[in-house]
Protein chains: 2
Amino acid sequence: MQKQTQSQLAIIDLGSNSARLVIYEQDAQGLLYESENVKRVLRLSSHLVNGKLDDRGVQTTLDCMRHFKEICEGRGVTEVVGVATAAMRQARNGPALRDQIQQETGFDFRILTGPEEAHYGYLAVVNSMNIRDAFTVDIGGGSTEVTWVEERACVHKISFPFGAVTLTQLFFKSDLPSREELGQLELFLRQQFAGAPWLTMRKRPVPLIALGGAARNVGNMHQRKNNYSFPSLHHYILPRAEIVETYQTLAKTPLDKRKKIKGLSKDRADIIVAASAVFQVLMELTGSEEFVISTKGLREGLLFERILQEQNLEYLDDVSLYSAHQWMKRYRVDAPRAEHVSRLAISLFDQLNDQGLLLAGYEERRLLKISGLLQDIGLSINVYDAAKHTFYLITNVLLFGMTHRQRLITALLASYKNDKKLEKQFMQHTDMLPAAELSGIKRLALLGLLARTLDRPLTNQVRSISLEKRGNECMVICQVIEQHLVDQAQVTEILDAMSKSFRQTFRLELVEKGIT
Amino acid sequence: MQKQTQSQLAIIDLGSNSARLVIYEQDAQGLLYESENVKRVLRLSSHLVNGKLDDRGVQTTLDCMRHFKEICEGRGVTEVVGVATAAMRQARNGPALRDQIQQETGFDFRILTGPEEAHYGYLAVVNSMNIRDAFTVDIGGGSTEVTWVEERACVHKISFPFGAVTLTQLFFKSDLPSREELGQLELFLRQQFAGAPWLTMRKRPVPLIALGGAARNVGNMHQRKNNYSFPSLHHYILPRAEIVETYQTLAKTPLDKRKKIKGLSKDRADIIVAASAVFQVLMELTGSEEFVISTKGLREGLLFERILQEQNLEYLDDVSLYSAHQWMKRYRVDAPRAEHVSRLAISLFDQLNDQGLLLAGYEERRLLKISGLLQDIGLSINVYDAAKHTFYLITNVLLFGMTHRQRLITALLASYKNDKKLEKQFMQHTDMLPAAELSGIKRLALLGLLARTLDRPLTNQVRSISLEKRGNECMVICQVIEQHLVDQAQVTEILDAMSKSFRQTFRLELVEKGIT
């Protein structure tokens, strides 16, 4: 019953297709846990007659909000954030309905303008992905928001007054659109998108990041078809050709067969053709080579706005570092130790690079750093198989700001114990990492393991490491509080493995601090 | 840096073979997290000369304790619990060394008597396993503790002044013992154990539960040899014949080959023969049919003593329920919801049993109850694949008071979404569950799923369920706050699956509370 004393935040998204209530519980550390997620399909856009929501539409909405009210009360929600989008925005009686909801439930709804809706989508993307330059597209039932992101800032945003539902209604007479109908739809889209001339103004191709249910379905279908090995959809990347292929295949598949496609939800099988036409036309216009799925959207945009306001930021500077710290908190990782191990690993990395013994770049450095922070995350499950759990958690929790490839490498580095286990995990993801990368990953993993081992049993016992060439040998000189703390046998074993891997003999030297 | 404000408990176990320091961090909810685990092999028993620890032994011990002191200070430990066992107990200068440790480090060590050591082993077993009657054996380097447990109480306990190290030294002249040496060792053990006549007094066979490193090694070797599918060692069960086989095989394997056996640690390869002789003789004397590994021992006995003192208990009454609640806290499961879902499932179970539609017993009832409590544990990893994570966590976290079979069934029930996924998980554990059990597990899983679905979106929306036969149909009558809360389509789908599985048509009836 302690739940009731905690802060509970509800977000209600009253969309053109469905209304969704999500309740978050906030713990003592300020972390949010999704504790409830209820969706009601209202299909408001189909109740929009001559620019006005009809009586059934109004009643359905009020019923749903009363229902949500009961749930919020039942769960002791302390704050409700309500937003409404296209249908309410387009309806003349939207404001009146908003007032009625306020009177009956006490919920204060904001009817978002198109650009506001677009902005929240942008916020969700920029704070959950490490992209610098991109377009985003969020296709809903009754509107489509597009933004242009440059150097992480939102440079342009626009909302088009058509969505997957309305396009389907407007252009397709039957379940299986004709060639002509498809041509008319594409033409219409090109004309509409011409209203945003900046769509075609990018010099170099940048990714198109797609939000919303239709995009998730496109990603899901593709993952299922290819037996994709990584358990995540956010930041899944499809090359442009796959979007063309998806659109063309869906367009000529009858509805009953579409409903059987794995990864496509049945209640979206009717509108997926129109949605993928939008994706295809946008890929073409923007010249994007990559189509990237974002599972984060409006709702997360609202959450990020709150978090960022507290920190007086427009967007997170380093998404992956922020996200790693969130997970460290949640799984009670010993932060000072993790930071120190991470620092030692990076120090080794930099010196090996300086000495020309490692040819690795900024990305590898970042992955090594984050893997140092998350190395002990698996201890929370149990201490015996901690490395296995570290791998499981890093691949399964949604680490923002990283591609799947980067998350996989981070997991491999953080959970590294020996080559045999690494190879076994590696082999399960050959669709993501070419075999040629294995040796490079092993070298990085050894640096992480060395840093971890030097920091046991006492964290910070090794204050710093310097590499020094002496003849043919590379000395690993550790400034240590007391020599006997370091498990020299274990460290030497790792240095021997490094010697083989780097084709350079490494030797340990411990120097007690203050003596040199 | 917040670590330092939290309570940190250190337990130091100064054994005959090695000294171990384990640091636990306690969170705001009182849950313990193991944050450090350091072992130093001191081999004190080999420094015991004419009943006295020699100078090297004394110095090694003091060095180690100073080392542990540094670690404790470095990590901000707030309380240290130190215990010493056989070597210190048997040494005339044990008390003097204890005092010296106190002066130099401030650590207050208790030198445990044999029966005290035996008692902590018993406490560890009785509070981590759901056994009622058993023997326990804890074989260390220099002593062996045996207890008799009846109705969960410790009826007899005894400590023998020999352990795996001293027996090896006394009886084996070379690495490969002769037949004669083995015979002498067995004879000696029988004579010694005759000092505890209660060992042979059990009318029915009860399990022999084995604690300590040698037992863990026996379990590990067996799991590796058989490619055991479950990721846990605690409560692993070997039939008597496997203990006989293990002993005989080890006794005739030369040391260098023993060192290569998978699952056997190299530094125990020399003493494992003597240890398995003890296991084999005890199995024979006690007439036990089952040899059960406990990974919990002295250290956990000390922890349980503290926990139980707070609750004024000798031992936990229901280990599995206590353990399930610990994990619910750790993974922030919504307890009121989990309890309600569990109650609804049990109510369905009982009524189906009463109506003769389900032939299931007390064990199934308990597993269904616990699976209801843990159903949402996977939400903590992420909400998208929560069922998969629930399965992972239940099989990988150490749920006390359950056999592996019970933990696996609990995981299958708690994570049930559909038959296909259940079957896939089931097929990975055919070494643990015979195929004939699948249909029974499916039926239980459907009850759990029904309870879960009826409790969404609002917990406690369905107050109670009663089953009523009407003609050929069995009505599932739900007392509900408001009818529209229940997702009738989804519930009906589950009832249809139940109708097939139970060969009995089930139908839903919603009754608003207060109307009937």
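The values are calculated or read from the model by the stated rules, or taken from the named source; none is laboratory data. The structure displayed is predicted, hence computed values, not measured ones. Ideal geometry is used to build each Cβ from the backbone, glycine not excepted, and the neighbour counts take in all protein chains shown. All accessible areas refer to the heavy atoms of the entire protein, side chains included, with ligands and DNA or RNA removed. Shrake-Rupley method; radii C 1.70, N 1.55, O 1.52, S 1.80 Å.
Being β-branched (V, I, T) and away from every other protein chain (no Cβ under 14 Å) is the filter; apply it to segment A:472-494 and report the residue that is surrounded by the fewest Cβ atoms within 10 Å (Cβ to Cβ). Let's see the steps before the verdict.
Start the filter on segment A:472-494 by keeping residues that are β-branched (V, I, T), which leaves A:476-477, A:480-481, A:486, A:491-492, A:494.
Next, from what is left, pick out any that are away from every other protein chain (no Cβ under 14 Å): A:476-477, A:491-492, A:494.
Values: A:V476: 22, A:I477: 18, A:V491: 21, A:T492: 13, A:I494: 20.
Looking at residues that are β-branched (V, I, T) and away from every other protein chain (no Cβ under 14 Å), I get A:T492.
Of all residue pairs spaced 6 or more apart or on separate chains, those with beta-carbon atoms under 7 Å, a first member in segment A:385-412 that is in contact (Cβ under 8 Å) with a residue 40 or more places away in the chain and not assigned by TED's automatic domain parsing to the domain that holds A:S128 and a second member that is surrounded by 22 or more Cβ atoms within 10 Å (Cβ to Cβ) and of a type in the set (D, E, K, R) are A:T395/A:R407; A:L399/A:R407. For segment A:323-367, a tally of residues being in contact with a Phe, Trp or Tyr (Cβ under 7 Å, 6 or more places away or on another chain), under 30 Å from B:S35 (Cα atoms) and open to solvent by 10 Å² or more (accessible area, probe 1.4 Å) returns 2.
Of all residues being over 17 Å from A:S294 (Cα atoms), of a type in the set (S, T, N, Q) and part of a helix (DSSP H, G or I) in segment A:396-432, which is most open to solvent (accessible area, probe 1.4 Å)? Just the residue, please.
Going residue by residue through segment A:396-432, those that are over 17 Å from A:S294 (Cα atoms) are A:408-432.
Okay, now just the ones that are also of a type in the set (S, T, N, Q), so A:410, A:415, A:418, A:425, A:428, A:430.
Still in the running and part of a helix (DSSP H, G or I): A:410, A:425.
Working: A:T410: 0, A:Q425: 36 Å².
Among those residues, the one meeting the criterion is A:Q425.
Only a single item in (1) within 30 Å of B:D175 (Cα to Cα); (2) buried (at least 21 other Cβ atoms within 10 Å of the Cβ); (3) within 14 Å of another protein chain (Cβ to nearest Cβ) is not met by B:F291, and it is number (3).
Note on segment A:372-388: among residues that are aliphatic (A, V, I, L, M), within 17 Å of B:Y331 (Cβ to Cβ) and surrounded by fewer than 24 Cβ atoms within 10 Å (Cβ to Cβ), the one that is farthest from the other protein chains (Cβ to nearest Cβ) is A:A386. Within segment B:30-58, residues that are free of Cβ contacts under 8 Å to residues at least 24 places away in the same chain and not assigned by TED's automatic domain parsing to the domain that holds B:R75 have Cβ atoms under 8 Å from residues that are surrounded by fewer than 16 Cβ atoms within 10 Å (Cβ to Cβ) and not polar (S, T, N, Q) in no pair, counting only partners at least 6 apart in sequence or on another chain. Scanning segment A:195-213 for residues that are within 27 Å of A:V41 (Cβ to Cβ) and either in contact with a His (Cβ under 7 Å, 6 or more places away or on another chain) or modelled with pLDDT of 95 or more (or both) yields A:I209, A:A210, A:L211. With respect to (1) crowded, with 16+ Cβ neighbours inside 10 Å; (2) farther than 30 Å from B:K252 by Cα; (3) of a type outside the set (D, E), the lone exception for B:A153 is condition (1).
Checked against (1) within 14 Å of chain B (Cβ to nearest Cβ); (2) out of contact with any Asp or Glu (no Cβ under 7 Å at 6 or more places or on another chain), A:A414 meets all criteria but (1).
The set of residues in segment B:95-130 that are among the aromatic types (F, W, Y) and part of a helix (DSSP H, G or I) comprises B:Y120, B:Y122. Of the helices (runs of 4 or more DSSP H) that lie entirely inside segment A:161-246, those containing 2 or more residues that are touching an Asp or Glu at 6+ places or on another chain (Cβ under 7 Å) and buried (at least 17 other Cβ atoms within 10 Å of the Cβ) span A:164-171. Regarding segment B:258-265, can at least one residue be identified that is modelled with pLDDT of 95 or more, within 23 Å of the chain's Cα centre (by Cα), open to solvent by 50 Å² or more (accessible area, probe 1.4 Å) and not hydroxyl-bearing (S, T, Y)? Taking every residue of segment B:258-265 in turn, at least one turns out to be modelled with pLDDT of 95 or more, within 23 Å of the chain's Cα centre (by Cα), open to solvent by 50 Å² or more (accessible area, probe 1.4 Å) and not hydroxyl-bearing (S, T, Y). Those residues that are under 15 Å from B:L413 (Cβ atoms), among the small types (G, A, S) and not in a helix (DSSP H, G or I), I need them from segment B:334-360; list them, please. Scanning segment B:334-360 gives a single hit, B:A360. Taken over segment A:462-471, residues that are more than 14 Å from every other protein chain (Cβ to nearest Cβ) and open to solvent by less than 60 Å² (accessible area, probe 1.4 Å) amount to 4. Among the criteria (1) part of a loop (DSSP other than H, G, I, E, B); (2) modelled with pLDDT of 95 or more; (3) in contact with a helix residue (DSSP H, G or I) (Cβ under 7 Å, 6 or more places away or on another chain); (4) assigned by TED's automatic domain parsing to the domain that holds A:L21, the one A:R92 does not fulfil is (3). The set of residues in segment A:13-51 that are of a type in the set (A, V, I, L, M, F, W, C), surrounded by 14 or more Cβ atoms within 10 Å (Cβ to Cβ) and within 13 Å of another protein chain (Cβ to nearest Cβ) comprises A:A19, A:L21, A:V22, A:I23, A:L31, A:L32, A:V38. Candidates are the residues of segment B:52-82 that are more than 14 Å from every other protein chain (Cβ to nearest Cβ) and in contact with a helix residue (DSSP H, G or I) (Cβ under 7 Å, 6 or more places away or on another chain); the one that is most open to solvent (accessible area, probe 1.4 Å) is B:R56.
Residues in segment A:419-461 that are among the polar types (S, T, N, Q) and either in contact with a Leu (Cβ under 8 Å, 6 or more places away or on another chain) or more than 14 Å from chain B (Cβ to nearest Cβ) (or both): how many? Walk me through it before giving the result.
In the first step, residues of segment A:419-461 are kept if they are among the polar types (S, T, N, Q); the result is A:425, A:428, A:430, A:439, A:453, A:459-461.
Okay, now just the ones that are also either in contact with a Leu (Cβ under 8 Å, 6 or more places away or on another chain) or more than 14 Å from chain B (Cβ to nearest Cβ) (or both), so A:425, A:428, A:430, A:439, A:461.
Matching residues across segment A:419-461 total 5.
Considering segment A:248-333, the qualifying helices (runs of 4 or more DSSP H), each wholly inside and each with 1 or more residues that are in contact with an Asp or Glu (Cβ under 7 Å, 6 or more places away or on another chain) and in contact (Cβ under 8 Å) with a residue 60 or more places away in the chain, run over A:255-258, A:272-286, A:298-311.
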